[in-house]
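Chemist: Before anything else, here's the structure in question.
The values are calculated or read from the model by the stated rules, or taken from the named source; none is laboratory data. On a predicted model such as this, the values are computed, not experimentally measured, just so you know. No Cβ is skipped: glycine too gets one built from the backbone with ideal geometry, and neighbour counts run over all protein chains shown. SASA here: full protein model, heavy atoms, side chains in, ligands and nucleic acids out. Shrake-Rupley method; radii C 1.70, N 1.55, O 1.52, S 1.80 Å.
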Amino acid sequence: MKQTTRTKGVKRRRTGCTRCRASHHKCDEKQPRCSRCQRLDLECELSDFIVPSNWCSSVQGAAAADEEERPNPASTWEVFNNSITPLPQVTSPKQPPASHTEPPSLDGDKVALIQEFQNGVGKWVDLFDDEQHFQRTVVKRTLESPLLMDAICALTARQVSMVNRAELWKSAAVQYYAESLHHLITTLGLPASSPEDTLSATILLSSYELLVLPGLDHRRHVSGALTLIKSYGCKASSQGLIGAAFWVYARQDLAMALVHECPTMLPPEEWGVSLAEQETREDRLGNKLIWLLAKIVAHTFGETDGRSIELLRDNRTSLMRELDAWFESLPVSFSGTTYGPPSPEGFVKRWFAIPSTAAAMCMYHLAYLLLLAEGCNASLSAQGDLQSDIDNHARSIASVTLSPISDGALVQAVQPLFYAAKHINSVGGKAKIWALLDRIESQLGFHTSDRIGQLQQQVKVC
(Lines give C-alpha, C1' and ligand atoms only; values in the text may rest on other atoms or scores of the structure.)
Protein backbone atom coordinates (compact mmCIF):
# COMPACT_ATOMS: atom_id res chain seq x y z
CA MET A 1 0.00 0.00 0.00
CA LYS A 2 1.25 3.46 -0.89
CA GLN A 3 2.43 5.35 2.18
CA THR A 4 1.54 8.93 2.88
CA THR A 5 3.39 11.31 5.14
CA ARG A 6 0.32 13.45 5.77
CA THR A 7 -1.18 13.07 9.22
CA LYS A 8 -4.51 11.29 9.16
CA GLY A 9 -7.41 13.60 9.78
CA VAL A 10 -5.56 16.73 8.63
CA LYS A 11 -7.34 17.74 5.46
CA ARG A 12 -5.77 19.47 2.47
CA ARG A 13 -6.81 23.09 2.06
CA ARG A 14 -9.45 23.83 -0.56
CA THR A 15 -9.30 27.61 -0.77
CA GLY A 16 -6.47 30.11 -0.24
CA CYS A 17 -6.35 33.77 -1.11
CA THR A 18 -6.89 34.94 -4.66
CA ARG A 19 -3.30 36.13 -5.14
CA CYS A 20 -1.77 32.82 -4.02
CA ARG A 21 -4.18 30.87 -6.24
CA ALA A 22 -3.39 33.07 -9.24
CA SER A 23 0.38 32.62 -8.83
CA HIS A 24 0.16 28.90 -7.89
CA HIS A 25 1.65 29.46 -4.41
CA LYS A 26 0.59 27.56 -1.31
CA CYS A 27 -1.46 29.80 0.97
CA ASP A 28 -1.51 29.44 4.76
CA GLU A 29 -4.79 31.45 4.93
CA LYS A 30 -3.74 33.44 7.99
CA GLN A 31 -6.01 36.33 8.90
CA PRO A 32 -6.25 39.20 8.19
CA ARG A 33 -3.45 38.57 5.65
CA CYS A 34 -1.71 35.35 4.67
CA SER A 35 2.03 35.17 5.23
CA ARG A 36 2.94 35.63 1.57
CA CYS A 37 0.74 38.71 1.09
CA GLN A 38 2.02 40.18 4.33
CA ARG A 39 5.64 39.62 3.27
CA LEU A 40 5.04 41.25 -0.13
CA ASP A 41 2.76 43.94 1.35
CA LEU A 42 -0.16 42.92 -0.89
CA GLU A 43 -3.90 43.16 -0.34
CA CYS A 44 -5.14 39.73 0.70
CA GLU A 45 -8.61 38.43 -0.12
CA LEU A 46 -9.78 34.86 0.36
CA SER A 47 -11.06 33.11 -2.73
CA ASP A 48 -14.84 32.88 -2.71
CA PHE A 49 -15.28 30.61 -5.71
CA ILE A 50 -16.78 27.79 -3.66
CA VAL A 51 -18.14 26.96 -0.25
CA PRO A 52 -16.08 23.86 0.72
CA SER A 53 -18.64 22.49 3.20
CA ASN A 54 -21.41 22.55 0.61
CA TRP A 55 -19.22 20.83 -1.95
CA CYS A 56 -18.02 18.13 0.42
CA SER A 57 -21.52 17.30 1.56
CA SER A 58 -22.60 16.62 -2.02
CA VAL A 59 -19.81 14.16 -2.83
CA GLN A 60 -21.02 10.58 -2.68
CA GLY A 61 -19.74 7.03 -2.94
CA ALA A 62 -16.11 6.42 -3.78
CA ALA A 63 -15.46 10.09 -4.33
CA ALA A 64 -16.49 10.78 -0.72
CA ALA A 65 -14.29 7.98 0.56
CA ASP A 66 -11.32 9.46 -1.28
CA GLU A 67 -12.25 13.05 -0.40
CA GLU A 68 -9.18 13.57 1.77
CA GLU A 69 -6.89 12.76 -1.16
CA ARG A 70 -8.85 14.69 -3.77
CA PRO A 71 -8.93 18.50 -3.55
CA ASN A 72 -12.21 20.05 -4.55
CA PRO A 73 -12.06 22.09 -7.77
CA ALA A 74 -12.38 25.85 -7.34
CA SER A 75 -12.94 26.69 -11.02
CA THR A 76 -13.77 25.18 -14.40
CA TRP A 77 -10.04 25.14 -15.16
CA GLU A 78 -9.45 22.75 -12.27
CA VAL A 79 -12.37 20.57 -13.39
CA PHE A 80 -10.93 20.12 -16.87
CA ASN A 81 -7.31 19.82 -15.70
CA ASN A 82 -7.93 17.34 -12.89
CA SER A 83 -6.69 13.95 -14.02
CA ILE A 84 -9.48 12.26 -12.03
CA THR A 85 -12.17 14.11 -13.94
CA PRO A 86 -13.12 12.22 -17.14
CA LEU A 87 -12.96 14.42 -20.19
CA PRO A 88 -15.59 14.19 -22.94
CA GLN A 89 -14.91 12.00 -25.93
CA VAL A 90 -15.01 13.25 -29.50
CA THR A 91 -18.59 12.63 -30.50
CA SER A 92 -21.51 14.06 -32.38
CA PRO A 93 -23.36 17.05 -30.94
CA LYS A 94 -26.59 15.27 -31.97
CA GLN A 95 -26.54 12.92 -28.96
CA PRO A 96 -29.73 12.64 -26.90
CA PRO A 97 -29.67 14.42 -23.55
CA ALA A 98 -28.66 12.44 -20.49
CA SER A 99 -31.43 10.92 -18.41
CA HIS A 100 -29.31 9.89 -15.42
CA THR A 101 -30.08 12.88 -13.25
CA GLU A 102 -33.18 13.96 -11.39
CA PRO A 103 -34.93 17.09 -12.65
CA PRO A 104 -33.81 20.14 -10.69
CA SER A 105 -35.98 21.45 -7.91
CA LEU A 106 -37.36 24.97 -8.09
CA ASP A 107 -37.82 27.59 -5.40
CA GLY A 108 -38.61 31.29 -5.33
CA ASP A 109 -34.98 32.39 -5.51
CA LYS A 110 -34.24 30.25 -8.56
CA VAL A 111 -37.33 31.46 -10.38
CA ALA A 112 -36.39 35.08 -9.66
CA LEU A 113 -32.83 34.52 -10.88
CA ILE A 114 -33.92 32.79 -14.08
CA GLN A 115 -36.32 35.64 -14.86
CA GLU A 116 -33.55 38.14 -14.14
CA PHE A 117 -31.26 36.19 -16.47
CA GLN A 118 -33.81 36.39 -19.29
CA ASN A 119 -34.22 40.13 -18.78
CA GLY A 120 -30.54 40.92 -18.20
CA VAL A 121 -27.43 38.78 -18.67
CA GLY A 122 -29.22 36.49 -21.13
CA LYS A 123 -29.72 39.44 -23.47
CA TRP A 124 -26.02 40.26 -23.29
CA VAL A 125 -25.13 36.68 -24.19
CA ASP A 126 -27.61 36.60 -27.08
CA LEU A 127 -26.55 39.97 -28.50
CA PHE A 128 -25.48 38.46 -31.84
CA ASP A 129 -28.12 35.71 -31.90
CA ASP A 130 -31.55 36.53 -33.32
CA GLU A 131 -32.85 33.12 -32.19
CA GLN A 132 -31.96 34.01 -28.57
CA HIS A 133 -30.77 30.50 -27.74
CA PHE A 134 -29.58 31.30 -24.23
CA GLN A 135 -32.72 33.19 -23.25
CA ARG A 136 -35.06 30.57 -24.71
CA THR A 137 -33.48 27.19 -25.42
CA VAL A 138 -31.07 27.14 -22.47
CA VAL A 139 -33.73 28.35 -20.02
CA LYS A 140 -36.13 25.70 -21.33
CA ARG A 141 -33.48 23.01 -20.84
CA THR A 142 -33.01 24.02 -17.19
CA LEU A 143 -36.23 22.17 -16.46
CA GLU A 144 -34.31 18.92 -17.04
CA SER A 145 -30.72 19.97 -16.31
CA PRO A 146 -29.53 20.78 -12.76
CA LEU A 147 -26.21 21.80 -14.31
CA LEU A 148 -27.77 24.54 -16.44
CA MET A 149 -30.12 25.58 -13.64
CA ASP A 150 -27.30 26.18 -11.16
CA ALA A 151 -25.00 27.74 -13.77
CA ILE A 152 -27.62 30.34 -14.69
CA CYS A 153 -28.37 31.04 -11.03
CA ALA A 154 -24.67 31.38 -10.18
CA LEU A 155 -23.94 33.88 -12.95
CA THR A 156 -27.08 35.92 -12.40
CA ALA A 157 -26.75 36.04 -8.60
CA ARG A 158 -23.17 37.18 -8.92
CA GLN A 159 -24.07 39.93 -11.40
CA VAL A 160 -26.95 41.11 -9.19
CA SER A 161 -24.66 41.17 -6.14
CA MET A 162 -22.16 43.37 -7.98
CA VAL A 163 -24.84 45.84 -9.06
CA ASN A 164 -26.69 46.03 -5.75
CA ARG A 165 -23.70 45.32 -3.47
CA ALA A 166 -25.87 42.61 -1.92
CA GLU A 167 -23.83 40.18 0.19
CA LEU A 168 -26.80 37.81 0.39
CA TRP A 169 -26.80 37.28 -3.38
CA LYS A 170 -23.01 37.02 -3.40
CA SER A 171 -23.19 34.16 -0.92
CA ALA A 172 -25.95 32.50 -2.96
CA ALA A 173 -23.85 32.84 -6.12
CA VAL A 174 -20.95 31.02 -4.45
CA GLN A 175 -23.22 28.14 -3.45
CA TYR A 176 -24.81 27.84 -6.91
CA TYR A 177 -21.34 27.92 -8.46
CA ALA A 178 -20.12 25.12 -6.17
CA GLU A 179 -23.12 22.97 -7.07
CA SER A 180 -22.57 23.71 -10.77
CA LEU A 181 -18.99 22.39 -10.59
CA HIS A 182 -20.28 19.25 -8.89
CA HIS A 183 -22.87 18.74 -11.65
CA LEU A 184 -20.26 19.46 -14.33
CA ILE A 185 -17.94 16.72 -13.03
CA THR A 186 -20.86 14.31 -12.88
CA THR A 187 -22.04 15.21 -16.38
CA LEU A 188 -18.57 14.80 -17.91
CA GLY A 189 -18.53 11.24 -16.62
CA LEU A 190 -21.83 10.25 -18.26
CA PRO A 191 -21.55 8.43 -21.61
CA ALA A 192 -24.81 9.97 -22.88
CA SER A 193 -24.33 13.51 -21.58
CA SER A 194 -25.68 16.35 -23.69
CA PRO A 195 -22.97 18.38 -25.49
CA GLU A 196 -25.38 21.32 -25.69
CA ASP A 197 -25.95 21.39 -21.95
CA THR A 198 -22.31 20.83 -21.01
CA LEU A 199 -20.89 23.46 -23.38
CA SER A 200 -23.55 26.07 -22.57
CA ALA A 201 -23.12 25.59 -18.81
CA THR A 202 -19.32 25.75 -19.05
CA ILE A 203 -19.55 29.06 -20.93
CA LEU A 204 -21.91 30.46 -18.29
CA LEU A 205 -19.54 29.37 -15.53
CA SER A 206 -16.61 30.95 -17.38
CA SER A 207 -18.61 34.18 -17.45
CA TYR A 208 -19.09 33.88 -13.68
CA GLU A 209 -15.35 33.49 -13.18
CA LEU A 210 -14.61 36.53 -15.33
CA LEU A 211 -16.96 38.56 -13.11
CA VAL A 212 -15.38 37.29 -9.88
CA LEU A 213 -11.66 37.39 -10.72
CA PRO A 214 -11.06 39.12 -14.06
CA GLY A 215 -7.40 39.65 -13.22
CA LEU A 216 -6.48 35.96 -13.20
CA ASP A 217 -4.90 34.34 -16.25
CA HIS A 218 -7.70 34.50 -18.82
CA ARG A 219 -6.70 31.14 -20.29
CA ARG A 220 -7.83 29.47 -17.08
CA HIS A 221 -11.32 30.90 -17.49
CA VAL A 222 -12.00 29.93 -21.10
CA SER A 223 -9.91 26.76 -21.44
CA GLY A 224 -12.77 24.51 -20.30
CA ALA A 225 -15.09 25.70 -23.06
CA LEU A 226 -12.25 25.39 -25.57
CA THR A 227 -11.66 21.78 -24.49
CA LEU A 228 -15.32 20.97 -25.13
CA ILE A 229 -15.38 22.82 -28.46
CA LYS A 230 -12.45 20.77 -29.71
CA SER A 231 -13.75 17.50 -28.22
CA TYR A 232 -17.21 17.89 -29.72
CA GLY A 233 -15.93 19.23 -33.05
CA CYS A 234 -17.92 22.46 -32.68
CA LYS A 235 -17.50 25.10 -35.39
CA ALA A 236 -18.78 28.56 -36.16
CA SER A 237 -20.98 26.91 -38.78
CA SER A 238 -22.57 24.51 -36.25
CA GLN A 239 -26.34 24.80 -35.98
CA GLY A 240 -28.67 25.46 -33.07
CA LEU A 241 -27.46 25.85 -29.51
CA ILE A 242 -24.00 24.45 -30.29
CA GLY A 243 -23.43 27.16 -32.90
CA ALA A 244 -24.77 29.87 -30.59
CA ALA A 245 -22.53 28.68 -27.75
CA PHE A 246 -19.52 28.67 -30.07
CA TRP A 247 -20.01 32.35 -30.91
CA VAL A 248 -20.42 33.28 -27.24
CA TYR A 249 -17.12 31.53 -26.53
CA ALA A 250 -15.53 33.34 -29.50
CA ARG A 251 -16.54 36.72 -28.06
CA GLN A 252 -15.10 35.81 -24.65
CA ASP A 253 -11.88 34.58 -26.24
CA LEU A 254 -11.59 37.77 -28.30
CA ALA A 255 -12.29 40.06 -25.33
CA MET A 256 -9.56 38.40 -23.27
CA ALA A 257 -7.14 38.58 -26.23
CA LEU A 258 -7.74 42.33 -26.43
CA VAL A 259 -7.17 42.75 -22.69
CA HIS A 260 -3.91 40.79 -22.73
CA GLU A 261 -2.81 41.90 -26.23
CA CYS A 262 -2.32 38.39 -27.59
CA PRO A 263 -3.96 36.17 -30.22
CA THR A 264 -7.13 34.26 -29.37
CA MET A 265 -6.70 30.81 -27.82
CA LEU A 266 -8.62 29.28 -30.71
CA PRO A 267 -6.89 30.55 -33.89
CA PRO A 268 -9.43 32.16 -36.27
CA GLU A 269 -8.40 29.85 -39.09
CA GLU A 270 -9.79 26.97 -36.99
CA TRP A 271 -13.21 28.57 -36.43
CA GLY A 272 -14.78 27.02 -39.52
CA VAL A 273 -16.61 30.19 -40.55
CA SER A 274 -19.03 29.71 -43.42
CA LEU A 275 -21.20 32.75 -44.17
CA ALA A 276 -23.16 33.76 -47.25
CA GLU A 277 -21.60 36.41 -49.47
CA GLN A 278 -24.79 38.50 -49.57
CA GLU A 279 -25.70 38.09 -45.90
CA THR A 280 -28.25 40.58 -44.59
CA ARG A 281 -29.00 39.28 -41.10
CA GLU A 282 -27.55 41.62 -38.52
CA ASP A 283 -26.54 38.89 -36.06
CA ARG A 284 -24.60 36.90 -38.65
CA LEU A 285 -22.86 40.01 -39.95
CA GLY A 286 -21.90 40.85 -36.36
CA ASN A 287 -20.44 37.37 -35.88
CA LYS A 288 -18.49 37.67 -39.13
CA LEU A 289 -16.94 40.86 -37.78
CA ILE A 290 -15.94 39.04 -34.57
CA TRP A 291 -14.05 36.57 -36.76
CA LEU A 292 -12.40 39.33 -38.80
CA LEU A 293 -11.40 41.11 -35.59
CA ALA A 294 -9.84 37.90 -34.25
CA LYS A 295 -7.72 37.74 -37.42
CA ILE A 296 -6.71 41.39 -36.94
CA VAL A 297 -5.79 40.75 -33.28
CA ALA A 298 -3.62 37.79 -34.33
CA HIS A 299 -1.82 39.98 -36.87
CA THR A 300 -1.49 42.93 -34.48
CA PHE A 301 -0.34 41.20 -31.31
CA GLY A 302 1.01 37.86 -32.58
CA GLU A 303 4.64 36.89 -32.97
CA THR A 304 6.18 38.44 -36.08
CA ASP A 305 8.54 35.47 -36.52
CA GLY A 306 11.11 37.59 -38.29
CA ARG A 307 8.66 38.63 -41.01
CA SER A 308 9.74 41.64 -43.00
CA ILE A 309 8.06 45.05 -42.82
CA GLU A 310 6.87 44.53 -46.38
CA LEU A 311 5.17 41.24 -45.50
CA LEU A 312 3.50 42.77 -42.44
CA ARG A 313 2.27 45.69 -44.56
CA ASP A 314 0.85 43.31 -47.16
CA ASN A 315 -0.98 41.34 -44.48
CA ARG A 316 -2.39 44.53 -42.98
CA THR A 317 -3.54 45.72 -46.40
CA SER A 318 -5.29 42.39 -46.99
CA LEU A 319 -7.08 42.65 -43.63
CA MET A 320 -8.16 46.22 -44.41
CA ARG A 321 -9.66 45.02 -47.70
CA GLU A 322 -11.64 42.34 -45.85
CA LEU A 323 -12.82 44.88 -43.31
CA ASP A 324 -13.84 47.34 -46.04
CA ALA A 325 -15.71 44.59 -47.90
CA TRP A 326 -17.62 43.76 -44.71
CA PHE A 327 -18.49 47.42 -44.17
CA GLU A 328 -19.64 47.94 -47.76
CA SER A 329 -21.97 44.91 -47.54
CA LEU A 330 -23.90 46.27 -44.54
CA PRO A 331 -27.63 47.02 -44.69
CA VAL A 332 -28.83 50.47 -43.68
CA SER A 333 -29.64 49.30 -40.12
CA PHE A 334 -25.94 49.51 -39.27
CA SER A 335 -25.71 53.22 -40.05
CA GLY A 336 -27.71 54.50 -37.12
CA THR A 337 -29.56 57.82 -37.19
CA THR A 338 -27.88 60.93 -35.84
CA TYR A 339 -29.92 63.26 -33.67
CA GLY A 340 -29.48 66.20 -31.30
CA PRO A 341 -26.58 68.65 -31.06
CA PRO A 342 -22.98 67.44 -30.55
CA SER A 343 -21.64 67.24 -26.99
CA PRO A 344 -19.03 69.78 -25.82
CA GLU A 345 -16.40 67.14 -26.70
CA GLY A 346 -17.77 66.84 -30.24
CA PHE A 347 -19.49 63.46 -29.84
CA VAL A 348 -22.66 62.97 -31.93
CA LYS A 349 -25.45 60.70 -30.71
CA ARG A 350 -26.85 57.95 -32.94
CA TRP A 351 -29.93 55.80 -32.53
CA PHE A 352 -29.73 52.15 -33.60
CA ALA A 353 -32.94 50.19 -34.13
CA ILE A 354 -31.12 46.84 -33.73
CA PRO A 355 -28.97 46.62 -30.55
CA SER A 356 -26.33 44.34 -32.11
CA THR A 357 -25.60 46.85 -34.87
CA ALA A 358 -24.41 49.46 -32.34
CA ALA A 359 -22.00 46.92 -30.84
CA ALA A 360 -20.86 45.82 -34.30
CA MET A 361 -20.00 49.38 -35.32
CA CYS A 362 -17.92 49.82 -32.17
CA MET A 363 -16.02 46.65 -33.06
CA TYR A 364 -15.55 47.87 -36.63
CA HIS A 365 -13.95 51.13 -35.51
CA LEU A 366 -11.86 49.19 -32.97
CA ALA A 367 -10.58 46.99 -35.81
CA TYR A 368 -9.32 50.07 -37.62
CA LEU A 369 -7.72 51.48 -34.47
CA LEU A 370 -5.77 48.24 -34.13
CA LEU A 371 -4.71 48.25 -37.78
CA LEU A 372 -3.61 51.89 -37.66
CA ALA A 373 -2.03 52.33 -34.25
CA GLU A 374 -1.51 49.16 -32.18
CA GLY A 375 1.05 46.39 -31.91
CA CYS A 376 3.17 45.75 -34.98
CA ASN A 377 1.02 48.19 -36.99
CA ALA A 378 2.34 51.21 -35.09
CA SER A 379 5.66 50.90 -36.93
CA LEU A 380 4.21 50.30 -40.40
CA SER A 381 3.19 53.91 -41.10
CA ALA A 382 4.09 57.42 -40.03
CA GLN A 383 1.64 58.09 -37.18
CA GLY A 384 1.37 61.77 -38.04
CA ASP A 385 -0.13 60.90 -41.41
CA LEU A 386 -2.78 58.68 -39.78
CA GLN A 387 -3.66 60.78 -36.75
CA SER A 388 -6.82 62.19 -38.30
CA ASP A 389 -8.12 58.70 -39.17
CA ILE A 390 -7.21 57.37 -35.73
CA ASP A 391 -9.04 60.22 -34.04
CA ASN A 392 -12.14 59.76 -36.24
CA HIS A 393 -12.40 56.04 -35.40
CA ALA A 394 -11.87 56.69 -31.68
CA ARG A 395 -14.52 59.41 -31.66
CA SER A 396 -16.94 57.21 -33.58
CA ILE A 397 -16.74 54.60 -30.80
CA ALA A 398 -17.37 57.28 -28.17
CA SER A 399 -20.32 58.69 -30.12
CA VAL A 400 -22.01 55.28 -30.41
CA THR A 401 -21.49 54.29 -26.78
CA LEU A 402 -22.60 57.65 -25.38
CA SER A 403 -25.86 57.21 -27.28
CA PRO A 404 -28.82 55.34 -25.74
CA ILE A 405 -27.79 51.77 -26.67
CA SER A 406 -28.69 48.50 -24.96
CA ASP A 407 -26.90 47.13 -21.90
CA GLY A 408 -25.65 44.18 -23.94
CA ALA A 409 -24.16 46.50 -26.55
CA LEU A 410 -22.48 48.55 -23.80
CA VAL A 411 -20.89 45.44 -22.28
CA GLN A 412 -19.65 44.37 -25.72
CA ALA A 413 -18.21 47.87 -26.22
CA VAL A 414 -15.97 47.88 -23.12
CA GLN A 415 -12.81 46.95 -25.05
CA PRO A 416 -13.54 49.36 -27.94
CA LEU A 417 -14.08 52.09 -25.32
CA PHE A 418 -10.69 51.43 -23.76
CA TYR A 419 -8.87 51.74 -27.09
CA ALA A 420 -10.94 54.79 -28.05
CA ALA A 421 -10.01 56.60 -24.84
CA LYS A 422 -6.41 55.58 -25.34
CA HIS A 423 -6.28 57.37 -28.71
CA ILE A 424 -8.48 60.42 -28.02
CA ASN A 425 -6.16 63.31 -27.29
CA SER A 426 -8.38 65.58 -25.21
CA VAL A 427 -8.52 64.95 -21.47
CA GLY A 428 -12.19 65.92 -21.54
CA GLY A 429 -12.92 63.17 -24.07
CA LYS A 430 -10.98 60.62 -22.03
CA ALA A 431 -12.81 61.63 -18.85
CA LYS A 432 -16.15 61.17 -20.59
CA ILE A 433 -15.23 57.59 -21.46
CA TRP A 434 -13.82 56.92 -17.97
CA ALA A 435 -17.16 58.00 -16.53
CA LEU A 436 -19.02 55.68 -18.91
CA LEU A 437 -16.77 52.73 -18.07
CA ASP A 438 -17.30 53.41 -14.37
CA ARG A 439 -21.06 53.50 -14.92
CA ILE A 440 -20.95 50.16 -16.76
CA GLU A 441 -19.34 48.53 -13.72
CA SER A 442 -21.56 50.18 -11.10
CA GLN A 443 -24.86 49.77 -12.96
CA LEU A 444 -24.29 46.54 -14.92
CA GLY A 445 -21.77 44.70 -12.74
CA PHE A 446 -19.29 44.20 -15.60
CA HIS A 447 -15.70 44.72 -14.46
CA THR A 448 -14.06 47.83 -15.95
CA SER A 449 -11.94 49.32 -13.13
CA ASP A 450 -8.71 47.76 -14.40
CA ARG A 451 -9.19 49.41 -17.79
CA ILE A 452 -9.98 52.76 -16.14
CA GLY A 453 -6.80 52.47 -14.09
CA GLN A 454 -4.75 51.81 -17.23
CA LEU A 455 -6.20 54.87 -18.94
CA GLN A 456 -5.55 57.08 -15.94
CA GLN A 457 -1.99 55.80 -15.72
CA GLN A 458 -1.52 56.70 -19.39
CA VAL A 459 -2.49 60.30 -18.66
CA LYS A 460 -0.05 60.47 -15.72
CA VAL A 461 2.78 59.17 -17.92
CA CYS A 462 1.99 61.71 -20.61
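Chemist: For Asp438, project a label point 7 Å along Cα to C-beta. Then give me every residue of the range 409-430 with its amide nitrogen under 15 Å of that point.
Modeler: The answer is 428-430, whose backbone nitrogens lie closer than 15 Å to the label point.
Chemist: Between Asp389 and Glu270, what is the spin-label point distance in nm, taking each point 7 Å from the Cα along the Cα→C-beta axis?
Modeler: Roughly 3.2 nm, to one decimal.
Chemist: Per 10 Å bin, what is the whole-percent P(r) computed from every C-alpha pair distance within the range 277-461?
Modeler: Each 10 Å bin holds this share of Cα pairs: 9, 36, 37, 17, 2, 0.
Chemist: OK, next. For an R0 of 35 angstrom, estimate the FRET efficiency from the Cβ-Cβ distance between Arg219 and Tyr339 and round to the nearest 0.05. Each step should come with its number before you reach the end.
Modeler: Values: r = 43 Å, r/R0 = 1.22.
Given R0 = 35 Å and the Cβ-Cβ separation, E is 0.25.
Chemist: Computed FRET efficiency, Cβ-Cβ of Ile309 and Ser237, R0 51 Å: what is it to the nearest 0.05? Could you put the intermediate results ahead of the total?
Modeler: Details: r = 36 Å, r/R0 = 0.70.
After rounding to 0.05, the efficiency reads 0.90.
Chemist: Ignoring ligands, DNA and RNA, please state the percent of accessible area on the range 277-461 from carbon and sulfur, probe 1.4 Å. Provide the component values of the computation, followed by the final result.
Modeler: Details: 4160 of 8040 Å².
Whole-percent figure for carbon plus sulfur exposure: 52.
Chemist: I'd like to compare 176-182, 440-446, 235-241, 224-230: which one has the highest average count of other Cβ atoms within 10 Å, and what's the full order after that?
Modeler: Result, highest mean first: 176-182, 224-230, 440-446, 235-241.
Chemist: Describe numerically, in nm with one decimal, the distance between label points set 7 Å from Cα along Cα→Cβ at Lys26 and at Asn119.
Modeler: 5.0
Chemist: Where the centre of each part is set by its Cα atoms, how far does the range 412-462 sit from the range 227-306, in angstrom?
Modeler: 25
Chemist: Which parts of the range 279-298 would a label at Glu322 reach, counting a residue when its backbone N lies under 11 Å from a point 7 Å out along Cα-to-Cβ?
Modeler: Residues 289-298 qualify, since their backbone N sits under 11 Å from the label point.
Chemist: Compute the FRET efficiency between Ala112 and Ala353 as 1/(1 + (r/R0)^6), taking r as their Cβ-Cβ distance and R0 = 30 Å, and round to the nearest 0.05.
Modeler: 0.45
Chemist: Right, something else. Can you flag which of Lys140/Lys170; Lys230/Lys288; Lys110/Lys230; Lys235/Lys422 are past 23 Å Cα-Cα?
Modeler: Over 23 Å apart, Cα to Cα: Lys140/Lys170; Lys110/Lys230; Lys235/Lys422.
Chemist: Please report, for the Cα atoms of the range 181-326, the Rg to one decimal and the Dmax as a whole number; what are they, in angstrom?
Modeler: 16.7, 53
Chemist: Can you tell me the accessible area per residue over the range 277-461, all protein chains present, probe 1.4 angstrom, in square angstrom?
Modeler: I get 43 Å² per residue for this part.
Chemist: At 0.36 nm per residue, and after removing the present C-alpha to C-alpha distance, how many nm does the segment from Gln38 to Ala192 gain when stretched out fully?
Modeler: Length gained between Gln38 and Ala192: 50.6 nm.
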